[in-house]
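Worksheet: the structure to be examined is printed underneath.
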Amino acid sequence: MTEADFWVRLEFRVCGEFAGQTDRALRRFWCDGFVPREYHLEGPEPRIAGRAWIVQGQRPREWAFVLFLPRAFDSVEVIDWAALLPPEDVTNWLALDVAGERLQIEPAAAVPDGA
């Protein structure tokens with residue numbers, strides 16, 4: 001999977017996570033894309049930060065996002081993008097701050113649905 005493929009697939013995966021929320025208000029949210037801007041691949045907290053287009057009903061808004069990486073990487077080219085995509089049968093990897101318009105994505109925090 002290429003990096004470009006990853007961001008598109010993550011967009012759809014986030015939409016699925018919104019749809020499965022127990023809070024009905026959050027089910028009206030969906031993701032319309034990611035724009036990664038900052039790659040912090042080394043150090044104690046490797047991550048990618050940027051902007052995500054989040055739509056509530058018909059209102060698109062530009063939210064901040066952080067994708068926490070499971071470990072440091074020497075370069076973007078060596079990242080296993082497929083391994084970062086949360087499977088369909090897990091949850092707890094997406095944290096929302098609706099008031100602050102921020103997403104935190106941490107694939108390593110995923111747990112099986114219903115756990």
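Structure notes:
- Check on V55, surrounded by 13 or more Cβ atoms within 10 Å (Cβ to Cβ) and either under 16 Å from A99 (Cα atoms) or among the small types (G, A, S) (or both): yes
- Checklist (1) crowded, with 16+ Cβ neighbours inside 10 Å; (2) at pLDDT below 95; (3) of a type outside the set (V, I, T) applied to R28, failing item: (1)
- Screening the candidates A95, A52 for the property of being of a type outside the set (K, R) and either out of contact with any strand residue (DSSP E or B) (no Cβ under 7 Å at 6 or more places or on another chain) or farther than 17 Å from D5 by Cα (or both) yields one hit, A95.
- In region 4-54, residue nearest to T91 (Cα to Cα) [restricted to those that are in contact (Cβ under 8 Å) with a residue 60 or more places away in the chain and aliphatic (A, V, I, L, M)]: V14
- Scope region 89-115; condition over 23 Å from Q56 (Cβ atoms), in a loop (DSSP other than H, G, I, E, B) and within 14 Å of the chain's Cα centre (by Cα); matching residues: A110
- Some residue of region 31-49 being surrounded by 16 or more Cβ atoms within 10 Å (Cβ to Cβ) and in a loop (DSSP other than H, G, I, E, B): yes
- Failed condition for R71, given (1) within 13 Å of the chain's Cα centre (by Cα); (2) within 13 Å of E106 (Cα to Cα): (1)
- Scanning region 59-84 for residues that are farther than 16 Å from V35 by Cα and either of a type in the set (S, T, N, Q) or not in a helix (DSSP H, G or I) (or both) returns R59, L69, P70, R71, A72, F73, D74, S75, I79, D80.
- Failed item in (1) surrounded by 13 or more Cβ atoms within 10 Å (Cβ to Cβ); (2) at pLDDT 95 or above; (3) more than 22 Å from M1 (Cβ to Cβ), with Q21 passing the rest: (2)
- Failed condition for E11, given (1) surrounded by 14 or more Cβ atoms within 10 Å (Cβ to Cβ); (2) in a strand (DSSP E or B); (3) acidic (D, E): (2)
The values are calculated or read from the model by the stated rules, or taken from the named source; none is laboratory data. These numbers were taken from a predicted model, which means no experiment stands behind them. In this analysis, Cβ positions are derived from the backbone assuming ideal geometry, glycine residues included, and neighbour counts consider all displayed protein chains.
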